[in-house]
Amino acid sequence: MGITFPTVVLGQNGGEDAKLAAYYYNKGQFDKAEEYYESLYKKFETKYYFDKYFDCLMFQEKYKESEKIVGKQIKRNQFEFSYRFKLAEIYEKTDRQVNADEEYEKMIADLSPVQSQVQQLGRYFSGIGKFDYALQTYEKGKKANRSGYQYNIELGELYSMTKQKDKMIATYLDLLDYSSGYLKTVQTYLSRLIDFEKDEEEIALLRVELLSRAQNSPQKLCYNEMLIWYYTQLKQYTGAIIQSKALDLKGGANGRYTFEIGQVCESNKVYDKAKQAYNYVMELGERSPYYTAAAQHSLEVSFLMVTAQSNYTKNDLNAVVLEFESAILRMGKTEATINIMERLAQIYAFYINEPQKAEVLLKEAIDLQRNPLQKAHTKILLGDVLLSNNEIWDASILYMQVANDFPEDKIGHEAKFKNAKVFYYDGEFEYAKAQLDVLKASTTKLIANDAMQLSLLLQDNLGMDTTEAPVQLFANADLLLQQSRFEDAIVLLDSIDKTYPFHALADEILYQKGLIFSKQKDWTKAIFFFQKVIDNYGFDILADDAIFKIAEIYDFQLVDSEKAVEYYKKILFEFPSSLYVAVSRERYRTIKAI
């Protein structure tokens, strides 16, 4: 059939006749269906039954009868487009294209300047591939309402369909002249219609048009914003920074646009450009409301630039530490610089083995804070630092304080889990398991999952031997991992394998080695050990964890999308109840869409 127009059926009457009509229609027996639909239409005179009756006639090529009944409908409903399109369809089916074109042109000529009518007729034309007539429809609507809505979105899509690329771009950008509030809308449509990796012609046309408009209308800041977006789509961050600086100056934005570009660069791991953007904001001085945030992000980027490398040295870290310390001296120790103090403490404790400095700094940070939740976060970090320095019971006190202060909050559950692990490290396995079993009901999925895994580890391995020694050695290795003593942890895990071959902890040992090599950014070895978990223990509790770890390594570290998709797919199809299904599905779709 030719044209099918949407109809809303709000419960058609007709009883058995309607059922029989639908039965014959769906079976393709249109001669029999025609009899019923003709009768039903004459009885009820609804559009639904008319459309079905018309379809039956058209399927049987009864064009004269079809033309006759459509003509009657048009006389009754002169402003109903669908009947006139049915008449034009009959003309085209019977080789009367001139008559069809006259009908199309007459519809446009008779069109009222009402927006809903213009859009309806335009959609009808687009639906049957009559793009030129659709363009004429919207152009007429545009001329009839020069001060109102100009159909830029509809026209832009049609220009795209008809390969009029320059007009498409200009039409969408004209929408910004109507209102700069359409900025995100314009960006969304252009991003759908232009492939910024392949469509060289459209990219060049857009650049020329944006630069021209920015120069000719310097008072319209939206074109500078569009240029920032344009350069960001192309990952040409230098151009984006240049435009963001210009926009900050024009709009008196005090560095906001450049700060935002810095964040985009940082999230895309383009650290040198992120640093450039943040440093510009800092150069504006403390009068900028973004000064402190820019300083914090600039320091974070310095840290990431070093630690992103697998072969960074202590001298590299010391240079970062000096940058942090200088910033704190310059900006002072205040609530505004808490995040800087916390990150420096982490570097002291976990990267350059100076936990005492970290402890002093975090205690100062706790004293500065008035927000109870933020103070709790810092207490947990201090607990982690104390744990790294083997002060496990001092760490336990801090974890318990947070757990008591926030018994039903996510951070409280995190603190309870960390405290349960303190008892696990110390060999108090029964008490640790009791606490973990409570946490298995946590509303925080990740904590509940971690608690369940550690509880099962203890359940499966305690009581199997006359000694708890293997579990204690494994707990000791786990603590060494938390303390970033990676080589010592590997030695201890190897000793379990040698002393207790074929122990039930074998899969846990392999997985723990994978975690250690991940921490050391030795991705080849990490994948090797995670893969051994999958190959040898594919139906045990750690299998989906190991698969997800490999997927993330390929996705974010080795940037091998094909391999990443392979492992995300394993999660989706082989472990449908896994905690990682939602994230895996999102990453799978994102990668496949690229």
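The values are calculated or read from the model by the stated rules, or taken from the named source; none is laboratory data. All values derive from a computational prediction rather than experimental measurement. Here the Cβ is made from the backbone with ideal geometry for all residues, glycine too, and neighbour counts use every protein chain on show. When the accessible area is computed, the model is the full protein with side chains, heavy atoms only, and any ligands, DNA or RNA have been set aside. Shrake-Rupley method; radii C 1.70, N 1.55, O 1.52, S 1.80 Å.
Things to note:
- Residue within the stretch 470-480 that is surrounded by fewer than 16 Cβ atoms within 10 Å (Cβ to Cβ) and more than 17 Å from L436 (Cβ to Cβ) present: no
- Residues of the stretch 136-170 that turn out to be open to solvent by 30 Å² or more (accessible area, probe 1.4 Å) and part of a loop (DSSP other than H, G, I, E, B), as a count: 8
- Exclusive hit being in contact (Cβ under 8 Å) with a residue 40 or more places away in the chain, open to solvent by 60 Å² or more (accessible area, probe 1.4 Å) and closer than 22 Å to N152 by Cα, set S180, S191: S180
- Meets criteria (outside any loop (DSSP other than H, G, I, E, B) and without any contact (Cβ under 8 Å) to a residue 40 or more places away in the chain) for V559: no
- Of S484, S561, all but one fail to be out of contact with any Asp or Glu (no Cβ under 9 Å at 6 or more places or on another chain) and of a type in the set (S, T, Y); the exception is S484.
- Set Q309, Q276: member being under 22 Å from D522 (Cα atoms) and within 31 Å of the chain's Cα centre (by Cα): Q309
- Residue in the stretch 215-225 that is touching a residue at least 40 places away in the same chain (Cβ under 8 Å), open to solvent by less than 70 Å² (accessible area, probe 1.4 Å), over 22 Å from E154 (Cβ atoms) and part of a helix (DSSP H, G or I) present: yes
One line per residue, one yes/no per condition, for (1) among the aliphatic types (A, V, I, L, M); (2) without any contact (Cβ under 8 Å) to a residue 24 or more places away in the chain; (3) surrounded by 15 or more Cβ atoms within 10 Å (Cβ to Cβ); (4) within 25 Å of Y104 (Cβ to Cβ):
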{"site": "T46", "(1), (2), (3), (4)": "no, no, yes, no"}
{"site": "K52", "(1), (2), (3), (4)": "no, no, yes, yes"}
{"site": "Q73", "(1), (2), (3), (4)": "no, yes, yes, yes"}
{"site": "R76", "(1), (2), (3), (4)": "no, yes, no, yes"}
{"site": "F85", "(1), (2), (3), (4)": "no, no, yes, yes"}
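- Count of the stretch 372-393 residues, restricted to those that are part of a helix (DSSP H, G or I) and without any contact (Cβ under 8 Å) to a residue 12 or more places away in the chain, is 1.
- Checking each residue of the stretch 397-408 against the condition of being under 27 Å from G285 (Cα atoms) and either at pLDDT 95 or above or open to solvent by 30 Å² or more (accessible area, probe 1.4 Å) (or both) gives no match.
- Pairing each residue of the stretch 323-342 that is over 13 Å from S298 (Cα atoms) with any residue that is small (G, A, S), provided the two are 6+ apart or on different chains, yields C-beta distances under 6 Å for I338/A365; M341/A365.
- Number of residues in the stretch 38-84 that are of a type outside the set (D, E), within 30 Å of V118 (Cβ to Cβ) and not in a helix (DSSP H, G or I): the value is 4.
- Residue pairs meeting the criteria (Cβ under 6 Å; at least 6 apart or on separate chains; first open to solvent by less than 50 Å² (accessible area, probe 1.4 Å), in the stretch 30-44; second among the hydroxyl-bearing types (S, T, Y)): A33/Y24; A33/Y25; Y37/Y49; Y37/Y53; L40/Y49; Y41/Y49; Y41/Y53
- The number of residues in the stretch 93-110 that are farther than 16 Å from L135 by Cα, part of a helix (DSSP H, G or I) and β-branched (V, I, T) comes to 1.
- Residue match in the stretch 336-355 (condition: at pLDDT 95 or above, of a type in the set (F, W, Y) and open to solvent by less than 30 Å² (accessible area, probe 1.4 Å)): yes
- Qualifying positions in the stretch 34-55 - of a type in the set (K, R) and over 16 Å from S82 (Cα atoms): K42, K43
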